[in-house]
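The values are calculated or read from the model by the stated rules, or taken from the named source; none is laboratory data. Everything numeric here is computed off the predicted structure, so don't read it as measured data. Here the Cβ positions follow ideal geometry from the backbone for every residue, glycine too, while neighbour counts run over all protein chains shown. What goes into the accessible areas is simple: the full protein's heavy atoms, side chains included, and nothing from ligands, DNA or RNA. Shrake-Rupley method; radii C 1.70, N 1.55, O 1.52, S 1.80 Å.
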Amino acid sequence: MGRHREFDEEKVLDAALCVFWRKGYEGTTYADLVEAAGIERPAFYSAFGNKESLFRKALVRYDEQFLAYTREALKARTALGVAAGILREAVEHNTRFPERRGCLGINGAIAASDSAEPIRQALADFRAAGRERLRERLERAKAEGDLPASASAEALAAFVMTITQGIAVQAKAGLSRDLLHQVVEQALISWPSPDVSLT
(Lines give C-alpha, C1' and ligand atoms only; values in the text may rest on other atoms or scores of the structure.)
Protein backbone atom coordinates (compact mmCIF):
# COMPACT_ATOMS: atom_id res chain seq x y z
CA MET A 1 0.00 0.00 0.00
CA GLY A 2 1.47 3.37 -1.05
CA ARG A 3 2.16 6.14 1.41
CA HIS A 4 -0.46 8.80 1.79
CA ARG A 5 0.69 12.00 0.10
CA GLU A 6 1.28 14.69 2.67
CA PHE A 7 0.70 17.67 0.39
CA ASP A 8 -2.15 19.31 -1.47
CA GLU A 9 -1.79 18.38 -5.14
CA GLU A 10 -4.01 21.29 -6.21
CA LYS A 11 -1.75 23.80 -4.46
CA VAL A 12 1.34 22.18 -5.93
CA LEU A 13 -0.20 22.34 -9.40
CA ASP A 14 -1.01 26.02 -8.87
CA ALA A 15 2.59 26.67 -7.85
CA ALA A 16 3.88 24.87 -10.93
CA LEU A 17 1.47 26.78 -13.16
CA CYS A 18 2.86 30.08 -11.88
CA VAL A 19 6.44 29.00 -12.59
CA PHE A 20 5.61 27.88 -16.13
CA TRP A 21 3.66 31.09 -16.70
CA ARG A 22 6.58 33.24 -15.56
CA LYS A 23 9.48 31.32 -17.13
CA GLY A 24 7.96 29.37 -20.02
CA TYR A 25 8.22 25.62 -20.54
CA GLU A 26 11.88 25.36 -21.46
CA GLY A 27 12.96 28.08 -19.06
CA THR A 28 11.53 26.10 -16.16
CA THR A 29 13.66 23.42 -14.51
CA TYR A 30 12.56 20.63 -12.23
CA ALA A 31 14.53 22.37 -9.49
CA ASP A 32 12.35 25.48 -10.04
CA LEU A 33 9.21 23.40 -9.78
CA VAL A 34 10.30 21.51 -6.67
CA GLU A 35 11.32 24.74 -4.97
CA ALA A 36 8.03 26.46 -5.80
CA ALA A 37 6.01 23.46 -4.65
CA GLY A 38 7.94 23.04 -1.41
CA ILE A 39 8.03 19.24 -1.60
CA GLU A 40 10.75 16.67 -2.18
CA ARG A 41 11.68 15.68 -5.73
CA PRO A 42 10.64 11.98 -5.38
CA ALA A 43 7.18 13.00 -4.20
CA PHE A 44 6.92 15.44 -7.08
CA TYR A 45 7.83 12.79 -9.65
CA SER A 46 5.42 10.33 -8.08
CA ALA A 47 2.52 12.74 -8.18
CA PHE A 48 3.05 14.43 -11.53
CA GLY A 49 5.48 12.43 -13.63
CA ASN A 50 7.77 14.30 -15.98
CA LYS A 51 7.82 18.01 -16.80
CA GLU A 52 5.79 17.59 -19.99
CA SER A 53 3.01 15.77 -18.16
CA LEU A 54 2.95 18.45 -15.47
CA PHE A 55 2.83 21.26 -18.03
CA ARG A 56 -0.15 19.69 -19.77
CA LYS A 57 -2.00 19.52 -16.44
CA ALA A 58 -1.03 23.11 -15.68
CA LEU A 59 -2.35 24.22 -19.08
CA VAL A 60 -5.75 22.66 -18.38
CA ARG A 61 -5.83 24.38 -14.99
CA TYR A 62 -4.80 27.68 -16.55
CA ASP A 63 -7.66 27.44 -19.04
CA GLU A 64 -10.16 26.67 -16.28
CA GLN A 65 -9.00 29.32 -13.84
CA PHE A 66 -7.88 32.22 -16.01
CA LEU A 67 -9.44 32.03 -19.48
CA ALA A 68 -13.13 31.84 -18.62
CA TYR A 69 -13.42 35.41 -19.92
CA THR A 70 -12.91 34.16 -23.47
CA ARG A 71 -15.87 31.80 -23.22
CA GLU A 72 -17.98 34.43 -21.48
CA ALA A 73 -17.26 36.91 -24.27
CA LEU A 74 -18.77 34.51 -26.82
CA LYS A 75 -22.15 35.13 -25.16
CA ALA A 76 -22.14 38.81 -26.11
CA ARG A 77 -25.11 39.93 -28.17
CA THR A 78 -23.09 41.19 -31.14
CA ALA A 79 -19.93 40.13 -32.92
CA LEU A 80 -18.34 43.46 -32.04
CA GLY A 81 -19.23 42.82 -28.42
CA VAL A 82 -17.56 39.42 -28.63
CA ALA A 83 -14.37 40.88 -30.08
CA ALA A 84 -14.33 43.78 -27.63
CA GLY A 85 -14.90 41.49 -24.67
CA ILE A 86 -12.06 39.17 -25.62
CA LEU A 87 -9.57 41.92 -26.45
CA ARG A 88 -10.28 44.20 -23.50
CA GLU A 89 -10.20 41.36 -21.03
CA ALA A 90 -7.02 40.03 -22.65
CA VAL A 91 -5.30 43.28 -21.68
CA GLU A 92 -6.48 42.90 -18.09
CA HIS A 93 -5.48 39.25 -17.93
CA ASN A 94 -2.03 39.76 -19.40
CA THR A 95 -1.15 42.67 -17.12
CA ARG A 96 -2.91 41.64 -13.89
CA PHE A 97 0.01 39.84 -12.25
CA PRO A 98 3.27 41.85 -12.27
CA GLU A 99 5.37 38.77 -11.56
CA ARG A 100 3.94 36.78 -14.48
CA ARG A 101 2.80 39.12 -17.21
CA GLY A 102 1.72 37.70 -20.54
CA CYS A 103 -0.04 34.44 -21.30
CA LEU A 104 0.98 30.89 -20.44
CA GLY A 105 -0.11 29.78 -23.90
CA ILE A 106 2.36 32.23 -25.47
CA ASN A 107 5.13 32.38 -22.85
CA GLY A 108 5.24 28.61 -22.76
CA ALA A 109 5.96 28.26 -26.46
CA ILE A 110 8.50 31.00 -27.13
CA ALA A 111 11.89 29.70 -28.30
CA ALA A 112 10.85 26.05 -28.08
CA SER A 113 13.62 23.65 -29.17
CA ASP A 114 13.14 20.36 -31.03
CA SER A 115 12.96 18.48 -27.73
CA ALA A 116 9.97 20.61 -26.71
CA GLU A 117 8.08 20.02 -29.97
CA PRO A 118 5.24 18.07 -28.26
CA ILE A 119 4.58 21.05 -26.00
CA ARG A 120 4.83 23.53 -28.86
CA GLN A 121 2.24 21.45 -30.75
CA ALA A 122 0.01 21.14 -27.69
CA LEU A 123 0.02 24.91 -27.30
CA ALA A 124 -0.66 25.41 -31.01
CA ASP A 125 -3.64 23.05 -30.73
CA PHE A 126 -4.79 24.90 -27.60
CA ARG A 127 -4.78 28.23 -29.41
CA ALA A 128 -6.40 26.73 -32.53
CA ALA A 129 -9.28 25.38 -30.43
CA GLY A 130 -9.95 28.86 -29.08
CA ARG A 131 -9.83 30.33 -32.57
CA GLU A 132 -12.29 27.71 -33.82
CA ARG A 133 -14.79 28.49 -31.05
CA LEU A 134 -14.59 32.14 -32.01
CA ARG A 135 -14.97 31.36 -35.73
CA GLU A 136 -18.14 29.38 -35.04
CA ARG A 137 -19.59 32.28 -33.04
CA LEU A 138 -18.76 34.73 -35.85
CA GLU A 139 -20.30 32.43 -38.45
CA ARG A 140 -23.50 32.62 -36.44
CA ALA A 141 -23.21 36.41 -36.32
CA LYS A 142 -22.82 36.49 -40.09
CA ALA A 143 -25.88 34.29 -40.59
CA GLU A 144 -27.86 36.67 -38.33
CA GLY A 145 -26.80 39.72 -40.34
CA ASP A 146 -24.58 41.02 -37.55
CA LEU A 147 -21.61 40.83 -39.93
CA PRO A 148 -21.66 41.76 -43.62
CA ALA A 149 -22.01 38.97 -46.14
CA SER A 150 -18.54 39.78 -47.44
CA ALA A 151 -16.92 39.23 -44.05
CA SER A 152 -14.79 36.15 -43.41
CA ALA A 153 -15.50 34.66 -40.00
CA GLU A 154 -12.26 32.70 -40.25
CA ALA A 155 -10.20 35.81 -40.98
CA LEU A 156 -11.93 37.82 -38.25
CA ALA A 157 -11.33 35.05 -35.70
CA ALA A 158 -7.68 34.95 -36.73
CA PHE A 159 -7.54 38.75 -36.47
CA VAL A 160 -8.84 38.75 -32.91
CA MET A 161 -6.55 35.91 -31.84
CA THR A 162 -3.54 37.56 -33.47
CA ILE A 163 -4.22 40.76 -31.53
CA THR A 164 -4.63 38.84 -28.27
CA GLN A 165 -1.34 37.03 -28.85
CA GLY A 166 0.36 40.33 -29.62
CA ILE A 167 -1.06 41.73 -26.40
CA ALA A 168 0.49 38.81 -24.51
CA VAL A 169 3.92 39.30 -26.10
CA GLN A 170 3.92 43.06 -25.53
CA ALA A 171 2.62 42.74 -21.97
CA LYS A 172 5.46 40.33 -21.23
CA ALA A 173 7.87 42.91 -22.70
CA GLY A 174 6.51 45.56 -20.33
CA LEU A 175 4.09 47.61 -22.43
CA SER A 176 1.69 49.47 -20.15
CA ARG A 177 -1.91 48.46 -19.61
CA ASP A 178 -3.12 51.87 -20.79
CA LEU A 179 -1.23 51.65 -24.07
CA LEU A 180 -2.44 48.09 -24.67
CA HIS A 181 -6.01 49.27 -24.18
CA GLN A 182 -5.38 51.97 -26.77
CA VAL A 183 -4.15 49.28 -29.16
CA VAL A 184 -7.38 47.34 -28.61
CA GLU A 185 -9.57 50.36 -29.30
CA GLN A 186 -7.58 51.07 -32.46
CA ALA A 187 -8.10 47.48 -33.60
CA LEU A 188 -11.84 47.63 -32.93
CA ILE A 189 -12.20 50.67 -35.20
CA SER A 190 -11.58 48.36 -38.15
CA TRP A 191 -14.35 45.90 -37.18
CA PRO A 192 -16.84 45.48 -40.07
CA SER A 193 -20.29 47.00 -39.67
CA PRO A 194 -23.36 44.75 -39.95
CA ASP A 195 -25.55 44.74 -43.02
CA VAL A 196 -28.58 45.33 -40.80
CA SER A 197 -29.07 47.13 -37.52
CA LEU A 198 -29.80 44.74 -34.66
CA THR A 199 -32.54 46.07 -32.42
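Numbers at a glance
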| read-out | value |
| --- | --- |
| Residues of region 1-91: accessible area per residue with a 1.4 Å probe, Å² | 53 |
| Candidates per GluC sites (Glu not before Pro) in region 14-45, loop by DSSP, up to 16 other Cβ within 10 Å | Glu40 |
| Portion, in percent, of the accessible area of the chain that falls on carbon or sulfur, probe 1.4 Å | 53 |
| Gyration tensor over alpha-carbon atoms, region 139-199, equivalent ellipsoid semi-axes in Å | 28, 13, 7 |
| Evaluated at q = 0.10, 0.11, 0.17 Å⁻¹: base-10 log I(q)/I(0), Debye formula over Cα of region 78-190 | -0.32, -0.39, -0.85 |
| Exposed trypsin sites (Lys or Arg not before Pro) absent: longest stretch of the chain, with sites in DSSP loops and at most 14 other Cβ within 10 Å deemed exposed | 97-199 |
| Computed lengthening from Glu35 to Ile189, 0.36 nm per intervening residue step minus Cα-Cα distance | 50.8 nm |
| Backbone HN-Hα couplings from phi across region 51-60 [Karplus 6.51/-1.76/1.60, Hz, Gly and Pro as x] | 5, 4, 4, 5, 4, 4, 5, 5, 5, 4 |
| Overall form of region 59-119 per C-alpha gyration tensor (a/c, 1.5; a/b vs b/c) | prolate |
| Cα gyration tensor category, rounded, prolate or oblate, for region 1-80 with a/c compared to 1.5 | prolate |
| Cα gyration tensor shape for the chain, rounded if a/c is under 1.5, else prolate or oblate | prolate |
| Pairs of Lys in the chain closer than 29 Å at Cα, counting only those 8 or more apart or on different chains | 12 |
| Contact order relative to length of the chain, as percent, for alpha carbon pairs under 8 angstrom and 6 or more apart | 24 |
| Summed side-chain charge close to Pro98 - residues other than Pro98 whose Cβ falls under 14 Å, Lys, Arg +1, Asp, Glu -1 | +4 |
